[in-house]
Amino acid sequence: MQQTCLNCGMSVNETMRSCPKCDNALNLQHDGSTITVDIAHQGERVSEALRKMQSEIDLARKDVAMCIRLVVGSGLIRDEVLLVLRDLEFRGDIKGFESEPFNAGAVLVKLK
Ligand SMILES: [Zn+2]
């Protein structure tokens, strides 16, 4: 699989961490965009929602988006998601996260 360096436009292998041409850190590049994913409104159990969240975050981290917006609803899923995100932040997998100020049912996760 190939990815494109957002700094110089060179096509590089997606396993590379920095661009061989301009030396930019590829895993930190983003285009400022936000991906929205609903993990709580198709009757998911808590464990299913958490699995879905993890795979979406893993996917998004390889992509160029800056943030992923998780729609988590207001119940148990939300509580568990916040716990897991705290752990991911501690491990450095994500940069940070916050509940949306006017919509507690969504959490904005900063990936890069
Ligand atoms: Zn480059």
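Quick look at the numbers
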item: Amide H partners (placed H, <5 Å) of G105, local residues excluded; result: none
item: Under 18 Å from K52, Cα to Cα: aspartates and glutamates that are on another chain or at least 8 residues apart; result: D38, E44, D63, D79, E80, D87, E89, D93
item: Ranked by how many other beta carbons lie within 10 Å on average, peptides 22-29, 54-61, 105-112 from highest; result: 105-112, 54-61, 22-29
item: Interatomic Cα distance distribution for the chain, bins of 10 angstrom, percent; result: 15, 42, 27, 14, 2
item: Amide H contacts under 5 Å for D38, placed H, 5+ residues apart; result: V71
item: Dipole moment magnitude, nearest 20 debye, the chain about Cα centre, only Lys, Arg, Asp, Glu C-beta charged; result: 240 debye
item: Amide H contacts under 5 Å for L111, placed H, 5+ residues apart; result: C67, I68, K95
item: The chain - Cys residues lacking any other Cys C-beta under 4.7 Å; result: C67
item: Whole-Hz ³J(HN,Hα) from phi, Karplus 6.51 cos²θ - 1.76 cosθ + 1.60, for the range 59-72, glycine and proline x; result: 4, 5, 5, 7, 8, 9, 5, 8, 10, 10, 9, 9, 8, 10
item: Rounded to whole Hz, the Karplus (6.51, -1.76, 1.60) HN-Hα couplings of the range 27-39, x for glycine and proline; result: 6, 9, 6, 8, 9, x, 8, 10, 9, 9, 10, 8, 10
item: Helical contribution to [θ] at 222 nm, DSSP H n ≥ 4, -39,500 (n - 2.57), averaged over the chain, rounded to 500; result: -10000 deg cm²/dmol
item: Contour excess over end-to-end distance, with Cα ends at N7 and F102 and 0.36 nm allotted per residue; result: 30.7 nm
item: In Hz, Karplus ³J(HN,Hα) per residue of the range 73-87 (6.51, -1.76, 1.60; θ = phi - 60°; x = Gly, Pro); result: x, 10, x, 4, 4, 4, 4, 5, 4, 4, 5, 5, 5, 4, 5
item: Whole-Å distance, taken between Cα centres, linking the range 54-97 and the range 1-48; result: 14 Å
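Quick note: the coordinates plus some simple rules give every number you see, no bench work behind them. Bear in mind the structure is a predicted one, so any value in this text is a computation, not a measurement. When we count neighbours, we look across all protein chains shown, and the Cβ atoms used for this are built from the backbone with ideal geometry, even at glycine.
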